[in-house]
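In what follows, a single structure is set out as structure tokens and then discussed.
The values are calculated or read from the model by the stated rules, or taken from the named source; none is laboratory data. Everything numeric here is computed off the predicted structure, so don't read it as measured data. Note: ideal-geometry Cβ built from the backbone for every residue, glycine included; neighbour counts use all protein chains shown. Keep in mind that these areas ignore ligands, DNA and RNA; they rest on the heavy atoms of the full protein, side chains included. Shrake-Rupley method; radii C 1.70, N 1.55, O 1.52, S 1.80 Å.
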Amino acid sequence: MNQGLKISLIGFIILLGTVFIALVIVTRSQAVDIVNHPPEERPEIKETPEDYGMIYEKVSVTTEDGLKLYGWYIPGENGATIMVEHGSPGGRQDGLYEAAFLNKGGYGVLLGSFRAHDECEGELISFGYHERKDIAAWHQYLLGRDDVDPERIGLFGESMGGGTGILYTAGDPGIAALATGSGFALTQEVIEKFIQFELDPPQWITPILAGFIKFWAQREADFRTADLDTEAIIANISPVPILIIHGGEDDKIGPDSGKQLFAAAAEPKELLWIPEAGHVNFEDFQPEEYKNTLLGFFDQHLLKQ
């Protein structure tokens with residue numbers, strides 16, 4: 001090999017090494033930013049159930065791994081209760097719209113927050129892996145209340161709350177009916193869609209970025225994305241009924257997620273498809289159909305109407 005070719009080869013190797021190191025640094029930084037959610041970065045609580053005309057209690061629970069979580073409990077009239085779980089990076093106030101019409105329909109509503117969100121302890125988000133413990137803690141809280149019928153507890157989760165609801169309910173904990181809005185978990189496909197939404201890189205590099213980000217996110221927050229494959233386990237929810245609500249313009253995780261989840265789910269199942277809606281903004285496009293479908297679903301399966 002002549003001297004010039006050697007120099008060119010060494011230069012090429014150095015260039016590849018530099019690109020790889022840069023890729024590692026950039027993707028690790030992005031992954032750390034995605035899974036870390038310190039208190040100073042969380043949305044301020046600006047509304048409470050009182051702003052929607054509801055009487056409520058401030059409540060708290062401690063998870064099995066020692067984190068204190070905070071929420072609101074709104075008493076109902078029919079003995080049935082619905083847990084409303086928010087997405088990320090939101091908090092319990094995100095579910096006030098749904099809580100208002102569910103409570104008006106007679107339901108008790110628990111607006112429980114996840115770890116690393118709202119005023120809760122913890123700073124790491126695992127997109128459903130550890131958050132299952134949070135839903136379990138809120139569920140146990142409801143089971144300890146005299147005004148809650150343990151056989152008539154439903155769950156509605158939006159975005160990450162929907163994905164976590166699928167993971168939790170598939171473990172057969174005693175949820176009587178499950179509804180999701182823009183539900184997802186941290187899969188390769190969702191990460192790629194998120195990267196396109198947030199960074200808009202060239203299409204060819206997106207899968208590479210997603211692979212690196214997934215690797216670093218798992219290490220940072222101590223979870224495995226393989227355990228978050230909601231599509232693979234959603235059929236295990238049956239015979240618990242599921243309602244999947246999704247928007248045809250969901251540019252954050254993609255409209256296909258809802259259709260794929262519905263196709264993978266076993267009966268009994270329902271799909272509310274709102275073509276104009278994006279990510280968890282159904283009430284902006286078809287508010288009456290959204291409200292009536294969600295309320296009707298729980299009436300059918302929790303009140304046996």
Next on the checklist: Quick check: pseudo-label points 7 Å beyond the Cα along Cα→Cβ at ASP146 and GLU40, how many nm apart are they?
Outcome noted: 4.6
Checklist entry - Against the longest alpha carbon principal axis of the chain, how many degrees, from 0 to 90 and to the nearest 10, is the axis of helix 131-143 turned? => result 10
Next on the checklist: If DNA, RNA and ligands are ignored and the probe is 1.4 Å, what is the ranking of TRP273, TRP216, TRP138 by accessible area, most exposed first?
Outcome noted: TRP273, TRP216, TRP138
Checklist entry - Out of (1) 57, 46, 31; (2) 62, 43, 40; (3) 86, 37, 33, which label holds the value of Cα extents along the principal axes in Å that was computed here? => result (3)
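Name the shape class, rounded, prolate or oblate, that the alpha-carbon gyration tensor gives for region 178-305, where a ≥ b ≥ c are the square roots of its eigenvalues, rounded holds for a/c under 1.5, and otherwise prolate holds if a/b is larger than b/c and oblate otherwise.
It comes out oblate by the Cα gyration axes.
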Checklist entry - Given a 1.4 Å probe and the protein chains all in place, what does the accessible area of HIS301 round to, in Å² to the nearest 10? => result 30
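To the nearest 20 debye, what charge dipole does region 130-254 have about its Cα centre, counting +1 at the Cβ of each Lys and Arg and -1 at the Cβ of each Asp and Glu?
It works out to roughly 260 debye.
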Next on the checklist: Once R0 is set to 22 Å, what does the formula 1/(1 + (r/R0)^6) return for the Cβ-Cβ distance between ALA263 and PHE285, expressed as a FRET efficiency to the nearest 0.05?
Outcome noted: 0.45
Checklist entry - What's the lysine pair count for the chain at a Cα cut-off below 19 Å, pairs eight or more apart or interchain? => result 13
Checklist entry - Along the charge dipole of region 233-305, which of PHE297, PRO239, SER257 sits closest to the positive end, that is, farthest toward it, with unit charges on the beta carbon of Lys, Arg, Asp and Glu (+1, +1, -1, -1)? => result PRO239
Checklist entry - Per-residue accessible area for VAL84 at 1.4 Å probe radius, Å² rounded to 10? => result 10
Next on the checklist: Per DSSP helix of 4 or more residues, -39500 (n - 2.57); summed, then divided by the residues of the chain. What does that give at 222 nm, rounded to the nearest 500?
Outcome noted: -12500 deg cm²/dmol
